[in-house]
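Values in this text are rule-based calculations from the coordinates and carry no lab data. Note that the structure is predicted; figures quoted are calculated from it, not measured. Every residue, glycine among them, receives a Cβ derived from its backbone with ideal geometry; neighbour counts consider all protein chains shown.
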Amino acid sequence: MYRNFSVVPKVMFGRGCFNQLDEVLQERRGSNNSYMVFILDDVFQDRALENRIPLRDNDYLLHVNVDVEPKTSYIDELVGRINNFSPVLPDGIIGIGGGSTMDIAKAVSLMLTNEGSAADYQGWDLIKNPAVYHVGIPTLSGTGAEVSRTTVLTGPEKKLGINSDYTLFDQMILDPELLVGVPKDQWFYTGMDCYIHDVESLHGTYLNEFSRAYGEKSIDLCRQVFLEDHEEHDDKLMMASLFGGMSIAYSQVGACHALSYGLSFVLGTHHGIGCCITFDYLDEVYPTGVEEFRKMMEKHGIELPRNLTGNLSEQQFDTMVKVALGLAPLWENCFGKDWQKIMTYDRAMELYKRM
Ligand code: NAD
Ligand code: ZN
């Protein structure tokens with residue numbers, strides 16, 4: 001069965017295009033008492049970007065904290081705050097920040113029109129009603145969250161996205177100037193998320209010309225960003241992220257993402273750094289990718305944390321392995337239909353014990 005997936009219908013790209021946000025939203029603004037909700041990563045509180053948000057009289061500016069990656073309970077709380085703010089639905093939700101903030105904006109826009117808790121919808125195509133109009137504005141590039149049909153959330157029972165066509169943004173605004181000021185380590189980890197998406201997609205058994213076309217361009221841009229020196233590296237990274245997201249949309253990620261989910265579930269490790277830590281142990285699976293990744297680390301003076309799992313109990317290791325091996329499509333993409341013979345429980349355990 002071929003997937004028939006939707007894509008983000010409107011894209012604006014270019015340095016300074018954030019200044020056109022007001023104009024973009026104008027088309028969506030309704031009558032007198034209607035309003036927009038701007039969801040802003042609180043790292044920008046009292047910073048220049050906050051003052052550039054085109055707030056109108058009734059609009060609501062909601063600061064969100066992403067020190068911990070988004071939880072379903074946090075989404076429920078934010079939806080409650082919007083419902084308390086006004087009895088009518090907003091005209092739009094605008095998420096400004098990295099992958100976490102964009103995911104929060106997607107989830108909030110869905111949960112304003114769907115009953116119950118965000119945890120009820122973790123899975124595939126469980127959403128019943130279309131979301132409120134929502135816009136994604138990345139300030140950190142690599143996750144591909146700006147283009148994906150999921151919002152990754154940690155719920156009481158599982159870390160799993162709300163995957164649906166309604167999850168997709170209606171509009172993205174890609175302004176490379178917004179990447180200025182990202183701490184170097186974070187810039188690298190999130191950028192490597194994109195590089196790893198490309199490696200996993202291009203080395204996967206699900207590969208097809210659609211995914212290859214986007215993946216090859218994305219990995220080429222990543223090489224320019226992380227191995228060469230270009231003035232317009234932020235423009236390139238934004239496009240790499242977008243193309244990497246398109247590549248995995250029609251294929252799948254692989255071993256690194258599966259193992260990083262286990263790590264993140266048990267230790268709360270953030271996505272970008274978790275992928276980097278894991279990838280560094282996957283020489284046997286992605287030899288050329290890992291070799292190039294190490295060159296990128298060296299060029300940027302990145303040191304990864306070691307001995308993360310040294311103090312874990314056997315039960316925690318068991319949970320990690322089970323979470324990772326539960327992600328069957330990722331393993332099948334990596335190793336094919338017989339993946340269970342290749343990535344056994346013991347092999348996954350041995351990899352985690354080395355991390
Ligand atoms: P993030 O959004 O978690 O942000 C990381 C840190 O960078 C935060 O402290 C944030 O405040 C800060 N930051 C963001 N922009 C900044 C800027 N311009 N200047 C200074 N600091 C800035 O990081 P991320 O790596 O972009 O996103 C990771 C999240 O994305 C995870 O929650 C992961 O689950 C999710 N994710 C989603 C998808 C998807 O398709 N929906 C794909 C991959 C990852
Ligand atoms: Zn990723």
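For residue 227 and residue 288, the FRET efficiency from 1/(1 + (r/R0)^6), where r spans their Cβ atoms and R0 equals 22 Å, is about 0.95. Between residue 205 and residue 57, the contour length at 0.36 nm per residue exceeds the Cα-Cα span by 48.1 nm.
Rank 70, 90, 156 by mean-square fluctuation in a GNM of the chain with C-alpha springs under 10 angstrom and give only the top-ranked residue. Residue with maximal mean-square fluctuation among 70, 90, 156: 156.
Seen from residue 116, the other residues with C-beta closer than 12 Å to its C-beta sum to a net charge of -2, counting Lys and Arg as +1 and Asp and Glu as -1. With both labels modelled 7 Å from their Cα along Cα-to-Cβ, the residue 23 to residue 295 distance reads 4.2 nm. Sequence-ordered 3J(HN,Hα) estimates for the range 174-189 from the Karplus curve with 6.51, -1.76 and 1.60 and θ = phi - 60° stand at 10, 10, x, 4, 6, 7, 5, x, 5, x, 3, 4, 5, 4, 5, 4 Hz, glycine and proline given as x. Given the pairs 71/295; 159/184; 159/299; 128/217; 106/341, which span a C-alpha to C-alpha distance of over 31 angstrom in this model? Pairs exceeding the cut-off: 71/295; 159/299; 128/217; 106/341.
Per residue, the convex hull spanned by the Cα atoms of the chain amounts to 132 cubic angstrom.
Take the alpha carbon gyration tensor of the range 184-354, find the square roots of its eigenvalues, order them as a ≥ b ≥ c, and report rounded if a/c is under 1.5; if not, report prolate when a/b exceeds b/c, else oblate. In terms of gyration-tensor shape, oblate. Structure remark: mean-square fluctuation, Gaussian network model of the chain, C-alpha springs under 10 Å; the largest value among 239, 172, 297 belongs to 297. Calculated FRET efficiency, residue 344 to residue 184, Cβ-Cβ distance, R0 = 35 Å: about 0.40 to the nearest 0.05. Within the shell of other residues whose beta carbon sits under 10 angstrom from the beta carbon of residue 100, the net charge comes to -4, with Lys and Arg scored +1 and Asp and Glu -1.
Neighbour counts of C-beta atoms inside 10 Å place 134, 300, 197 in the sequence 300, 134, 197, starting with the fewest. A convex hull fitted around the alpha carbon atoms of the range 10-179 yields 105 Å³ per residue. Between residue 318 and residue 129, the FRET efficiency from the beta-carbon distance, with R0 = 51 Å, is close to 0.85. Considering only 141, 109, 73, the Gaussian network model of the chain with Cα springs below 10 Å gives its largest mean-square fluctuation to 73. Across the chain, the relative contact order, built from alpha-carbon pairs under 8 Å that are at least six residues apart, equals 15 percent.
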